[in-house]
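Participant: Take this structure, written in structure tokens, and hold onto it; I'll ask about it next.
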Amino acid sequence: VEWLAGEFRAPVYYIDLSNPTVNDEVLRGCMARNRMIHAPPVLVHIDEFQALLQLWLTRKERTTSNEVVTIQGLQTMLEGISTPSNVVFIITSSEALPNMNSPLVQNAPEYLQAELHGLLRRIKSIEIPCLDMQTAKAFLTKFLKNYVPYEPEEDPLMEFAHAWCDWDNGVGVPSDC
């Protein structure tokens, strides 16, 4: 997501679906046109989808919109009914999405099967492999050129490594670069 944001030069909005305070109302509020700080295009990173999917599949009764994000709430956001145009949604999960023929979905209550079918047909699932060393170096070099002072003949990665060696142990290390 960070790499894609850098390539598009677009801001990232992050939503953690495992957060118990996130429900349909919070989701709608996050995506309201008047609440977005940045003008589109923006990327919306919806993380921990597997946690929400597991909750939907293991519950005996229907979830309500004031408890968690419902399938209908997520679909409404993805369809753009209450969201601005020029928004790219990236849904990440540590587990592969089930398909409609998977036992997990087949054993779900009938109402949930229909709702999942509507949601899963809107999501294009791709697997992103780990970066190889050359691609990772190219990405980091491009990123660091904006932040590390260097001469044109120098390598920004080496300048960063030198700066890192001089880092004061009493200061925290930033981890979100």
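Every number in this text was worked out from the coordinates using simple rules, so none of it is lab data. What you are looking at is a predicted structure, and each value in this text was computed from that prediction instead of being measured. With ideal geometry, Cβ positions are generated from the backbone for all residues, glycine too; neighbour counts draw on all protein chains shown.
Participant: What nm distance separates the two modelled labels at Ala39 and Ile90, each placed 7 Å from Cα along Cα→Cβ?
Facilitator: Placing both labels 7 Å along Cα→Cβ, they lie 2.3 nm apart.
Participant: Let me ask something else. Using 1/(1 + (r/R0)^6) with R0 = 35 angstrom and r between the beta carbons of Phe139 and Gln75, what's the FRET efficiency to the nearest 0.05? Provide the component values of the computation, followed by the final result.
Facilitator: Details: r = 33 Å, r/R0 = 0.95.
Efficiency computed from Cβ-Cβ geometry: 0.60.
Participant: Moving on to the next point. Rounded if a/c is under 1.5, else prolate if a/b is larger than b/c, else oblate: which is the stretch 1-128, with a ≥ b ≥ c the root eigenvalues of its Cα gyration tensor?
Facilitator: prolate
Participant: Taking 0.36 nm per residue of sequence separation and subtracting the Cα-Cα distance, how much length would be gained by fully extending the chain between Ala114 and Asn101, in nm to one decimal?
Facilitator: Stretched out fully, the Ala114 to Asn101 stretch lengthens by 3.4 nm.
Participant: Please list 18-24, 73-79 highest first by mean number of surrounding beta-carbon atoms within 10 Å per residue.
Facilitator: 73-79, 18-24
Participant: Still on this structure, please answer the following. Could you pull out the trypsin sites (Lys or Arg not before Pro) across the stretch 103-155 that fall in loop regions by DSSP (anything but H, G, I, E, B) with no more than 10 other Cβ atoms inside 10 Å?
Facilitator: Here the sparse-neighbourhood loop sites are Arg121, Lys124.
Participant: Obtain the nm distance between the two label points defined at Asn146 and Glu2 by a simple spin-label model: each point lies 7 Å from its Cα along the Cα-to-C-beta direction.
Facilitator: The modelled label-to-label distance comes out at 1.2 nm.
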